[in-house]
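Here is the structure we will look at.
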Amino acid sequence: MTRPDTGLSPAAAAPSGWTSQRTAWLLFGPPAFMVAVRWLLQLADDRQNATPALSLAPVSTTTGILDLLWPVAVVLAVLVAVGLVIRRLGWRRVMPVIGGAWLLLWLAGSGAMLERHLNRQGLFLQGMNASATAPVTPVSARVVTSQFKPPSLRSLGGTELVLQVAGLEIPQRLLIDDARAAPLKPGDTLALQLAPGRFSGLFVTGWQASPATDSH
């Protein structure tokens, strides 16, 4: 009994199934890897007995409408360029390049999360006078704005302050998940205990309202 001729030999049919499997791994593997990295880093944070130091981030400023629109313009330009390249070279020839870019994108995101975790490793929120062996001179900061920020997938929420910190030209944003920070209003002053990150940035390891009786 002869087998029907499908026009494709087994050797020619095998790469098609392998290509589909590779495509599935490429689509879902990198996002799953990033989720796993995020879960492991969150697990490491949860096992710490102390509260991680608070990030002090500069407030982004815009000088005009172009500063708001240029990221959108860049994305549209990239999409148009990719469409033209696919149309000219064909999907099969461009697919490996797109797959490589997709993989690098998720790996870069995972690396950024790991870098943020390591950047503040060993820095914890504590009392202003907790470090008696290595005292840190408090830095004065004035509250510019204060508003409540609800919890989200990225943070627990709390009181978001915009501060003018002595020695720093650009105003800084600080999110404090503490009910005692809620009464702070523009014009109030704080004493901050700052520490540099391992790679970059500043972190608040202690804060105190001035005048105040509570310390953190």
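The values are calculated or read from the model by the stated rules, or taken from the named source; none is laboratory data. This one's a predicted model, so the numbers in the text were calculated from it and none came from an experiment. Here the Cβ positions follow ideal geometry from the backbone for every residue, glycine too, while neighbour counts run over all protein chains shown. All accessible areas refer to the heavy atoms of the entire protein, side chains included, with ligands and DNA or RNA removed. Shrake-Rupley method; radii C 1.70, N 1.55, O 1.52, S 1.80 Å.
List of remarks:
- Counting the residues of the stretch 79-107 that are touching a residue at least 12 places away in the same chain (Cβ under 8 Å), surrounded by 14 or more Cβ atoms within 10 Å (Cβ to Cβ) and within 27 Å of residue 35 (Cα to Cα) gives 6.
- Flag if residue 126 is modelled with pLDDT of 80 or more, in a loop (DSSP other than H, G, I, E, B), closer than 30 Å to residue 188 by Cβ and not assigned by the TED database to the domain that holds residue 164: yes
- Every residue from the stretch 163-213 that is aliphatic (A, V, I, L, M), under 21 Å from residue 59 (Cβ atoms) and open to solvent by 80 Å² or more (accessible area, probe 1.4 Å): 170
- Residue 152, sole failed condition from (1) of a type outside the set (D, E, K, R); (2) outside any loop (DSSP other than H, G, I, E, B); (3) closer than 30 Å to residue 30 by Cα: (2)
- In the stretch 169-191, the residues that are touching a residue at least 24 places away in the same chain (Cβ under 8 Å), part of a loop (DSSP other than H, G, I, E, B) and farther than 21 Å from residue 52 by Cα: 170, 171, 184, 185, 186, 187, 188
- Restricting attention to the stretch 21-48 and to residues that are open to solvent by less than 100 Å² (accessible area, probe 1.4 Å) and polar (S, T, N, Q), the residue that is nearest to residue 104 (Cα to Cα) turns out to be 23.
- Cross-chain or 6+ apart pairs with Cβ under 8 Å, the stretch 110-124 first and within 13 Å of residue 33 (Cα to Cα), then at pLDDT below 90 and assigned to a loop (DSSP other than H, G, I, E, B): none
- Failed criterion for residue 145 (all others in (1) at positive phi; (2) open to solvent by 30 Å² or more (accessible area, probe 1.4 Å) hold): (1)
- Which numbered condition residue 75 misses (of (1) open to solvent by 90 Å² or more (accessible area, probe 1.4 Å); (2) under 21 Å from the mean Cα position of the chain (by Cα); (3) modelled with pLDDT under 80): (1)
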